[in-house]
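Here the structure comes first, spelled out in structure tokens, and everything after it is commentary.
The values are calculated or read from the model by the stated rules, or taken from the named source; none is laboratory data. This structure is a prediction, so every number in the text was calculated from the model and none was measured. Using ideal geometry, Cβ is built from the backbone for each residue, glycine included, and neighbour counts are taken over all protein chains shown. All accessible areas refer to the heavy atoms of the entire protein, side chains included, with ligands and DNA or RNA removed. Shrake-Rupley method; radii C 1.70, N 1.55, O 1.52, S 1.80 Å.
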Amino acid sequence: RTRDLGGVMSELPFKRAADVEGEYRIPPRTSKLLLAPKFGGVENVSMGMNICEVGSMIPDHKHDDSEEVLFLISGKAKIVIDGVGEWEIGPETAFYSPKGITHRVENIGDEPLRIVWVYSPPLPAHME
């Protein structure tokens, strides 16, 4: 049940990841956009999660105009940031990727990686 606070909270202030189908991508992973300006409720951030299959990864990419912070819920990952380094991390670890720097996240464990991510400002695709 929600209460309209002048348009500020006309939608529920939460979204269950289990209720979002997500987008299947290659290398094998599912990306779920959970909170974003295009859904209402938030304006300056977007949040979602990736589930990366065993042996898969979030491939090399960069975000020229957004900061990205991430939280590894479960699994074992290798994070690689071009020109900076690479590290192996485990569950319940927060990390970030610098703006404008190519980076990737590899699943090096024996279970799916479950990663929560936040962009600020939101990526353009999260705005419309």
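List of remarks:
- The stretch between Ile73 and Glu88, if pulled fully straight at 0.36 nm per residue, gains 4.0 nm over its current Cα-Cα span.
- 22 Å Cα-Cα reach of Lys15 towards lysines, excluding residues that sit fewer than 8 places from it in its own chain: Lys32, Lys38
- Surface accessible to a 1.4 Å probe, per residue, for the residues of segment 1-115, Å²: 62
- Of all accessible heavy-atom area on the chain, the percent that carbon and sulfur account for (1.4 Å): 52
- Radius 12 Å from Cβ of Gly75, net charge of other residues (Lys, Arg +1; Asp, Glu -1): -2
- Rolling a 1.4 Å probe over the protein heavy atoms leaves Met47 with an accessible area of roughly 70 Å².
- Scaled radius of gyration (Cα, divided by 2.2 N^0.38 Å) that segment 88-128 gives: 1.41
- Label-point separation in nm, Phe39 to Asp19, each point 7 Å along Cα→Cβ: 0.9
- For the chain, with +1 on Lys and Arg beta carbons and -1 on Asp and Glu, the positive-most of Ile79, Phe39, Gly100 along the dipole: Phe39
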